[in-house]
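Student: So that we are looking at the same thing, I have put the structure below in structure tokens.
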Amino acid sequence: MPFLELDALSKHYGPVKAVDDVSLSVEQGEFISLLGPSGCGKTTTLQMIAGFVDATAGRIRLQGRDITHAPANTRGLGIVFQSYALFPHMTVADNVAFGLEMQKVDRAERARRVEQALALVHLDAHAGRYPRELSGGQRQRVALARAIVIRPPLLLLDEPLSNLDAKLREAMQFELRTIQQQVGTTTIMVTHDQAEAFSVSDRVVVMQSGRITQIDTPYEVYEHPASEFISRFVGKTNLLPPATANGPQRHIRPEKLTLKPAGQGRSDATVVDRFFLGSQWLYHLESPLGPMVVVQVNDGSPAHAPGTVVALDWDDATLRTLPEGSR
Amino acid sequence: MSDTSTPRARSAVWLTLPSLLLFTVVLLTPLSLTLLLSFNEYDAARGATGGFTFSHYAAIVSDGYYLEIFLRTLRIGLITTFLCVLIGVPEAYILSRMAAPWRSVFLMIVLTPLLVSVVVRTFGWSMLLGIEGPVNMLFQALGIGKTRMLYTEGAVITALVHVMLPFMVIPVWTALQKLDPQVEQAALSFGASRLTAIVRVVLPQIMPGILSGGLIVFGLAASSFAIPGLLGGRRLKMVATTVYDQYLHELNWPMGAAIAVILLIANLIVMLTCHRVVERQYRRRLG
Ligand SMILES: Nc1ncnc2c1ncn2[C@@H]1O[C@H](COP(=O)(O)OP(=O)(O)OP(=O)(O)O)[C@@H](O)[C@H]1O
Ligand SMILES: [Mg+2]
């Protein structure tokens, strides 16, 4: 029996199909990311699981129990809202303690766990402040602490790290992953950052205008995207002309292309522009095959200047053809 | 900030001048005249005779008759405010939860008492509560028997609550509009019951709205005139009706002025105290 099961779940606002026929099985202890462009229905899906949006059709089952229309306050989930929804009249510590208070955890234990949760999100020094005295990223971390402190069986996170700097975000991703592994918390996280979805999830659910278009491990989503849209949403891609007259379009990821001295590869290309990304160089090239994007590791060797002619090469095993008719 | 030499500050002075003038002419001038009048000597045969005396204030403070009137006014003001909070806050909350077409309809209904002239409205109440009125007929039909309701504090308070409710509902409604509905949902998500969510999360956030509504209601109720005048009758006097009587029946203008000044000061003290509390309690949290 799956831990959480969404069965043909839909939410329609008049003619708008915010969520359309979504089915998903989540196992106990799994970390799932909902990935998709803005407005594709991620928040609506999460809110239906949380019980704040009433499903138009379909069922939600949590540990075998049908909770489709159960009141939100009987579900016992930990939720981070996209807008944080902190209690503005309570201090940071009181915000985090609220859930424990509702669970009737005694005072000493409460204080201990609040302190622990605040330390986890690096906010122990701000326990006495009110939300309006915090920065956006600090508020977001209070929301996160407030949700994890109650140790819920299911965590619903709506873009919980969107406002954090890269370093803090990585630290929080690590903490979320640790909690999930140590406590076995099942986690569903909404994000539109593909790198975040890839780095923390067991499986990625890609959504597009209210529908699920792919459910796979991060590696599979990246390497074998179900459509060109997904392929472009989760990374950059180059189109190669078909091998045969009416064969399928072929795709290759920028990092799978290598640059060689002119004349030594499969096709010559001219460097149009280059971007320094720190650990990598990103090149835009013009070639007889069409425009190409190439990513090369910054291994210390000098970069190719714009105007230089180089050669493109690749391993045929890294070429992908997309399923017929997918766009 | 108070530097008047900058062009900005100077234009501010010019721009506030008209309202400042209006304020001085229509408010400060009559107020200071009243204040001066309250220190005038009074002679039963000749009226206010000028001069300077504290005797009216001394009389008010030492005479149990006036003390009773002040206490009654305070009591009626407090009970009215309390009832308005009790009815108005849930009313505003329910209003804010209503679906779109009904919400505006019911908001209009809440506001109707303000659209009817106070005299008409009060006569309506006196007919309703009169000894032969519909309420008494109902009482009789139910076997309770006729009850004298006119000229009681109950009648005055009922009519006051009726007209003051909008002044309670509107600030609370405004405060509720500013709330993020997801904050209440967050409370529910932690397992709070609906009631707990309201008491612990919604109420504290709309407290400034409740307090300002309460201040308006108290101020208006404590200085109300038409309603106690018509429904309280001659015996059940409140401060404002006493002032009126002093001016127009006793013709003791200085005494009337002195009572009016004390009412003003008492009202000011209540308002400022409440304001201070609001500032201290909610400034930091809710901004
Ligand atoms: N209350 C509502 N009434 C009408 N349409 C709505 C309502 N709530 C959401 N929608 C629509 O449903 C769709 C999905 O919204 P949702 O908030 O789930 O998107 P999302 O994937 O979370 O987007 P984002 O990444 O921008 O947060 C959007 O097109 C939105 O306009
Ligand atoms: Mg969203």
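Student: When only residues in the stretch A:144-165 that are open to solvent by less than 40 Å² (accessible area, probe 1.4 Å) and more than 18 Å from B:Gln182 (Cβ to Cβ) count, which is nearest to ligand 2 (Cβ to nearest atom)? First the steps, then the outcome.
Tutor: Of all residues in the stretch A:144-165, those open to solvent by less than 40 Å² (accessible area, probe 1.4 Å) come to A:144-150, A:152, A:154-161, A:164.
So of that shortlist, the ones also more than 18 Å from B:Gln182 (Cβ to Cβ) come out as A:148-149, A:154, A:161, A:164.
Numbers: A:Ile148: 20, A:Val149: 23, A:Leu154: 18, A:Leu161: 14, A:Leu164: 17 Å.
Among them, the one singled out is A:Leu161.
Student: Evaluate the following for B:Arg234: is it within 14 Å of another protein chain (Cβ to nearest Cβ), open to solvent by 20 Å² or more (accessible area, probe 1.4 Å) and among the basic types (Lys, Arg)?
Tutor: On the way: within 14 Å of another protein chain (Cβ to nearest Cβ): no; open to solvent by 20 Å² or more (accessible area, probe 1.4 Å): yes; among the basic types (Lys, Arg): yes.
In short, no.
Student: Give the residues of the stretch A:13-55 that are touching a His at 6+ places or on another chain (Cβ under 9 Å) and either polar (S, T, N, Q) or within 14 Å of another protein chain (Cβ to nearest Cβ) (or both), sorted by residue number.
Tutor: Result: A:Ser38, A:Gly51, A:Asp54.
Student: Give the residue, chosen from A:Arg141, A:Arg107, that is over 30 Å from A:Asp21 (Cα atoms) and either within 16 Å of ligand 1 (Cβ to nearest atom) or surrounded by fewer than 16 Cβ atoms within 10 Å (Cβ to Cβ) (or both). It would help to see each step written out before you state the result.
Tutor: Numbers: A:Arg141 fails: either within 16 Å of ligand 1 (Cβ to nearest atom) or surrounded by fewer than 16 Cβ atoms within 10 Å (Cβ to Cβ) (or both).
Result: A:Arg107 is the single residue among A:Arg141, A:Arg107 that is over 30 Å from A:Asp21 (Cα atoms) and either within 16 Å of ligand 1 (Cβ to nearest atom) or surrounded by fewer than 16 Cβ atoms within 10 Å (Cβ to Cβ) (or both).
Student: Taking the options B:Ile227, B:Ile170, B:Ile259, name whichever one is open to solvent by 60 Å² or more (accessible area, probe 1.4 Å) and away from chain A (no Cβ under 14 Å). Don't jump to the end; show me each part of the working.
Tutor: On the way: B:Ile227 fails: open to solvent by 60 Å² or more (accessible area, probe 1.4 Å); B:Ile259 fails: open to solvent by 60 Å² or more (accessible area, probe 1.4 Å).
Unique residue meeting the criteria: B:Ile170.
Student: Moving on. Show me the strands (runs of 3 or more DSSP E) entirely contained within the stretch A:194-292 in which 2 or more residues are touching a residue at least 24 places away in the same chain (Cβ under 8 Å) and under 18 Å from A:Thr318 (Cα atoms). First the steps, then the outcome.
Tutor: On the way: elements: A:203-208, A:211-216, A:238-240, A:250-252, A:257-261, A:267-276, A:280-287.
Hits in the stretch A:194-292: A:238-240, A:250-252, A:257-261.
Student: Still on this structure, please answer the following. Exactly one condition in (1) assigned to a helix (DSSP H, G or I); (2) open to solvent by 30 Å² or more (accessible area, probe 1.4 Å); (3) within 16 Å of ligand 2 (Cβ to nearest atom); (4) facing chain B (nearest Cβ under 9 Å) is not met by A:Asn73; state its number.
Tutor: That leaves (3) as the condition not met.
Student: Considering only residues that are aromatic (Phe, Trp, Tyr) and either within 17 Å of the chain's Cα centre (by Cα) or within 13 Å of ligand 2 (Cβ to nearest atom) (or both), which ones fall in the stretch A:8-47?
Tutor: Listed by number, the list holds a single entry, A:Phe31.
Student: State all residues of the stretch A:130-149 that are within 12 Å of chain B (Cβ to nearest Cβ) and assigned to a helix (DSSP H, G or I); if no residue qualifies, say none.
Tutor: Restricting attention to the stretch A:130-149, the residues satisfying the condition of being within 12 Å of chain B (Cβ to nearest Cβ) are A:130-133, A:142-143, A:146-147, A:149.
Those that are within 12 Å of chain B (Cβ to nearest Cβ) and assigned to a helix (DSSP H, G or I): A:Pro131, A:Arg132, A:Glu133, A:Val142, A:Ala143, A:Arg146, A:Ala147.
Student: Another question, if that's okay. Could you grab me the full set of residues in the stretch A:39-62 that are within 7 Å of ligand 1 (Cβ to nearest atom) and in a loop (DSSP other than H, G, I, E, B)?
Tutor: Going through the stretch A:39-62, the residues within 7 Å of ligand 1 (Cβ to nearest atom) turn out to be A:39-45.
Those that are within 7 Å of ligand 1 (Cβ to nearest atom) and in a loop (DSSP other than H, G, I, E, B): A:Gly39, A:Cys40, A:Gly41.
The values are calculated or read from the model by the stated rules, or taken from the named source; none is laboratory data. Not measured: the values here are computed from a predicted model. Every residue, glycine among them, receives a Cβ derived from its backbone with ideal geometry; neighbour counts consider all protein chains shown. Ligands, DNA and RNA are stripped out before the accessible areas are found, and what is left, the full protein with its side chains, is counted by its heavy atoms. Shrake-Rupley method; radii C 1.70, N 1.55, O 1.52, S 1.80 Å.
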